[in-house]
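Working notes, beginning with the structure itself.
The values are calculated or read from the model by the stated rules, or taken from the named source; none is laboratory data. This structure is a prediction, so every number in the text was calculated from the model and none was measured. Cβ coordinates were reconstructed from backbone atoms using ideal geometry, including for glycine residues, and neighbour counts include every protein chain displayed. In case anyone asks, the SASA skips ligands and DNA or RNA and just uses the protein heavy atoms, side chains included. Shrake-Rupley method; radii C 1.70, N 1.55, O 1.52, S 1.80 Å.
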Amino acid sequence: MVVESVLCMNPGDGETSYAKNSFLQKTVLSKARPFLEDTIKDMFSTALPTGFKTELGCSSEPNTLLFVSEIMDVIYELCQQLTCKLPEFQVFLNDLTGNDFTTVIKSLPFFYEKFGRGKGDLYGQHCFISAVPGSLYQRLFPSKSLQFFHSSYSLHWSKVPEGISNNKGNIYMAKASSPNVFKAYLEQFQKDFSLFLRLRSEEIIQGGRVVVTFIGRRIEDPRNKDCCLYLELLAKSLLDLAAKGLIVEADIDTFNLPCYNPYEGEVREIIEMKGSFDIDKLETFAINWDAHDDISDKNFVFDKDQCGRNVANIVRAVAEPMLVSHFGDEIMDELFKRYA
Ligand SMILES: C[S@@+](CC[C@H](N)C(=O)[O-])C[C@H]1O[C@@H](n2cnc3c(N)ncnc32)[C@H](O)[C@@H]1O
């Protein structure tokens, strides 16, 4: 699988699109917002930002522009408090070349208009948004040219590790996978995350900041269901289709997902060992796969079937292009019905 050409979210705004099924990622953004705010306020205390930020792995609407507006709001409020002039910002939205950039770009006039309302011409005149297609595992910007990088829910994607040909009946690390599969996935993450840090350290100016959020696991042992169960179930659903003769079982054995859910200690170790950046804060938080399943809401009524469908829609919006490239598109409805 050539990851760069098939790793994209479901485009457009149809029922199975990422735009309609990214509530989980939106919840992640809002959980991380206090940290983001603190980081920006801290940066702002020493110098006004210009050439400001990059959203790495931006995907299409709606989360990426929501995020840009959140940052702009924080800075706008700060400028009002400090009675200083709002700086000009350049915002670069990055994703792989196969990403649906068209949807984001088409929504820019609406974005400038909506978020600028009530704030003079804030967004129209001070914020300049452009797209930068390319992999976050390559150089994307000139040396020492940016002050801030942000990436939400993207950095757990990397490459399929080499040498995991004996991962029979699985599509990722699974309880039944052999030790060499776990080792290969960890080593791939170490390699890719180190590369990401090195590249960004070349592009960022002295004193700049990086805020990244991605899926990890709470338990160190990756055999724990906390890490891999949701993808083991997807593999099981594929095996069900193979048993019905709808796909070939050998095709499942040759399909492995290009992602990794690291443990906190693994992330810390790489950052400290590579030394490109100091850690200000490293935190973990838990979110339900069905982010609509909000137990803090006393009116919430749990519906097992609906919950299954919600999670299936989230996973489908993200994984479908990769699955289609390997298994074809005829089985997708049936696959995700079973998965739900
Ligand atoms: C789940 S989406 C998250 C999008 C957005 N940040 C959000 O929070 O809604 C993950 C995004 O990461 C992008 N991605 C994965 N690997 C990438 C890479 N190597 N370089 C750039 N983007 C990548 C995918 O194309 C996808 O759009």
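Summary of values
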| quantity | calculated |
| --- | --- |
| Charge dipole magnitude, Cβ of K and R +1, D and E -1 - the chain, Cα centre, debye nearest 20 | 360 debye |
| Surface accessible to a 1.4 Å probe, per residue, for the residues of the chain, Å² | 49 Å² |
| Among beta bridges that DSSP assigns inside the chain, antiparallel share in %, nearest 5 | 5 percent |
| Cα→Cβ-extended label distance, 7 Å offset, between Lys41 and Ser145, nm | 3.2 nm |
| Long-range HN-HN contacts of Arg217 with modeled amide H, under 5 Å | Tyr263, Glu264 |
| Magnitude of the charge dipole, region 105-262, Cβ model with Lys/Arg +1 and Asp/Glu -1, debye to 20 | 440 debye |
| Accessible carbon and sulfur surface of the chain relative to its total accessible area, %, 1.4 Å | 52 percent |
| Euclidean distance of C-alpha centroids, region 187-228 and region 261-276, integer Å | 7 Å |
| Violating pairs (Cα-Cα greater than 32 angstrom) within the set Lys191/Lys225; Lys168/Lys304; Lys31/Lys191; Lys191/Lys304; Lys106/Lys159; Lys20/Lys114 | Lys191/Lys304 |
| Dipole magnitude of region 152-245, debye to nearest 20 (Cβ charges: Lys/Arg +1, Asp/Glu -1, about Cα centre) | 180 debye |
| Amide N of region 229-251 lying under 17 Å from the label point, which is placed 7 angstrom from the Cα of Met332 along Cα→Cβ | 238, 247 |
| Sparse-neighbourhood loop sites, trypsin sites (Lys or Arg not before Pro) in region 232-272 - DSSP loop, at most 11 other Cβ within 10 angstrom | Lys244 |
| Chymotrypsin sites (Phe, Trp or Tyr not before Pro) restricted to DSSP loop in region 173-216 with at most 16 other C-beta within 10 Å | none |
| Residue-span extension gain [Ser325 to Arg309] - 0.36 nm each, minus C-alpha spacing | 3.5 nm |
| Long-range HN-HN contacts of Cys8 with modeled amide H, under 5 Å | Met322 |
| CD proxy at 222 nm, helix term only [per DSSP H run n ≥ 4: -39500 (n - 2.57); per residue of the chain; nearest 500] | -15000 deg cm²/dmol |
| Estimated distance in nm for a label pair at Asn224 and Glu264, the labels positioned 7 Å out from Cα along Cα-to-Cβ | 1.1 nm |
| Cα lying deepest toward the dipole's positive end in region 194-340, options Asn310, Val211, Ala340, charges on Cβ | Val211 |
| Chain lengthening between Glu283 and Phe300 when straightened (0.36 nm per residue, less Cα-Cα) | 3.3 nm |
| Choice from Asn166, Asn99, Asn310 with maximal GNM fluctuation in the chain (Cα, 10 Å cutoff) | Asn166 |
